[in-house]
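Input: a single structure, listed below in C-alpha cells.
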Amino acid sequence: MLTTPGADPHQALRSAWVLFAIGVLYVSFGVCFGLLEYGIPPILMSRGVDLASMGWVIALYIPFGLTFLWAPVIDGKRLPWLSQRIGWIAASQCVSSLLLLVVAFGEGLPAIGLFALGLAICFAVATMDLALDALAVDIIGAHFRALAAGLKVAALALGGLIGGGVLVARFDSLGWTGTFVLTAGLPLLTLLPVLALTRADHPRQAQSLRPSIWVTLRRPGAMRQIALLSLTTSATISLVYFQRPILVQMGVPLAQIGWGLGTLAPLVNTVAAVLTAPALTLMAPLKSLALLVLLSAIAAGGTVFGLAKGLSDGVMLWALIQGAASSALSVIIYSLILKWSAREQSATDYAVLCGSSRMLTTLILMAVAPALAYFSWGVFYALCVVVLALLAFLIRREVQGLDEALP
C-alpha cells in the first residue's frame, strides 16, 4: 500500500512511482475520452452534423456508466497473466489499441459500423479505467486519497489536451487516419510503467467473499451516496460540456477552438486539480466547495453574457474558468469515491458509485442535446447552477468528512 508521509526515502520513491504509473494510464484514458467528449462533436459539426443529432455520439458514454455490471468479474476473476488488476488493465489497453487501428483505416465504413467500433473501444477503455481505479483504491492509503484524486483529474485534463485540443487542432493536417493511429499508440506506450507494480497489486477482497453489486447496494448509506454523486457529476459536467458546440455555433474556426480552448483548458484544469488537494488541507473542505460553486455560477453567467453579445473570446475565457472550477470539484468528488470504495470489493464498490453517476450524466446529456432547441442557454446554465448549489448543500457533511482522509 502507498506509504504515509514521513516514510524512508526508499518507500517515498516507491510511492512516487505508484502515483506516476497510475497517472500515466489516466493520461491515456484522458486522450481517448477527450477525443470522444471534446473532439468528435466539433469535428462532426464542422462537417455539417447538427447539434440535435449528437445523441448517438453521447451514447458512446454508456459503457462508462455500466461498469458495475462486470465489476464483480474484475474483483473475482484473475486473468492468466500478470496480477489481478494489472492483468485486466493490460488486456483492455491492447484491445482498445487494436480497435482504434481498425477505426483509423475504416473511415469509409458505414456509420453503424463506426458506432459499433466506437462502442467496443469505450467498453475496453471503461474496463481499463475500472481496473485502474480499483488498483488505486487497493494500494493508495487514506492519506493520499485527495492527492490521488487530484492526480486523476489532472492526468485526465492532460489527456484531454491531446485528445480534445491538439488532435482537434491538427485534424485537418493529420486526417482521420493519422488522428486515430496516434491515439492507438498511446494505450500500449502508457501501459509500461504500471507493469512494475504487479507485486504491489493485492486486492482487498477476501477469498471467501463473492463479489456482487448487491453487497454494495445493501451497504448502509450507499443509495444516498450514489444519488449525491450522480446528480453532482451531472451538474458539474453539464456546465462545461456544451461550450465547444456554442463556439462552433458562434462561427469560431475549429483550429482556433483546438489550439485555444482545446489546449489552454486542459492546462488550466491540470493546475486547478493539482492545487486542489493541498488547498483542502489549508482551507476547510466545506469552504473550498462553497467557493467553487460560486466560481461556477459566475463563469456560467459570463458565458451567457458573452454569447448574447457575440464575444467569442469572452466565451472562451469563461469556459476556461468554468473548466477549472469543474476540475477542482471533480477532485472532491473522486476523493469521496475513493473513501467510500476502500472496502473488500473495491472494483465493484467504485464501479457502482462512479459508474452510476456517469450513466445518469450520459442520459441527461442525451436528453439535453435535442431539448436545447426549445429553451435558451441562459435557462440551461441557470438550472445547472441552481442544481449544483443545492447538491453542494446536501453533500456538505460528506465533504467535511474528507478532513479525516487528509494528512
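Hey, what D do you get for region 279-338 in µm²/s if you plug the Kirkwood alpha-carbon radius into Stokes-Einstein at 4 °C and 1.567 mPa s?
In µm²/s, the coefficient is 105.
What does region 216-313 give for Rg and for Dmax, in Å, if only its C-alpha atoms count?
Using the Cα atoms of region 216-313, the pair Rg, Dmax is 17.1, 51 Å.
In terms of the Cα gyration tensor, with a ≥ b ≥ c the square roots of its eigenvalues, is region 73-161 rounded because a/c is under 1.5, prolate because a/b exceeds b/c, or oblate?
Oblate, because a/c is 1.5 or more while a/b does not exceed b/c.
Go through 373-381, 327-335 and give me the packing order, highest mean Cβ count within 10 Å leading.
Taking the mean over residues of other Cβ atoms within 10 Å, the ranking is 327-335, 373-381.
Taking R0 as 41 Å, what FRET efficiency do you get between Leu311 and Arg219 from their Cβ-Cβ distance, rounded to the nearest 0.05?
Between Leu311 and Arg219 the formula returns 0.25.
Tell me whether region 21-405 comes out rounded, prolate or oblate; compute the Cα gyration tensor, take square roots of the eigenvalues as a ≥ b ≥ c, and use a/c under 1.5 as the rounded threshold.
Judged from the Cα gyration tensor, region 21-405 comes out oblate (a/c at least 1.5, b/c at or above a/b).
Please state the charge dipole magnitude for region 21-405, taken about the Cα centre, from unit charges on C-beta atoms (+1 on K and R, -1 on D and E), reported in debye and rounded to the nearest 20.
That gives region 21-405 a dipole magnitude of about 660 debye.
Going by average Cβ neighbours within 10 Å, how do the peptides 87-98, 109-120, 159-170 rank, with the highest at the top?
The densest-packed peptide leads the list: 159-170, 87-98, 109-120.
Please give, to one decimal in nm, the separation of the simple spin-label points placed at Phe20 and Ala373, each 7 Å out from Cα toward the Cβ.
5.2
Could you give the distance between the Cα centres of region 115-130 and region 343-398, to the whole Å?
21
Contour minus end-to-end for Ala255 and Lys77, with contour as 0.36 nm per residue of separation and end-to-end as the Cα-Cα distance?
Residue separation times 0.36 nm, minus the Cα-Cα distance, leaves 59.6 nm.
FYI, it's all coordinate maths here, none of it is from the lab. These numbers were taken from a predicted model, which means no experiment stands behind them. Glycine gets a Cβ as well: all are built from the backbone with ideal geometry, and neighbour counts include every protein chain shown.
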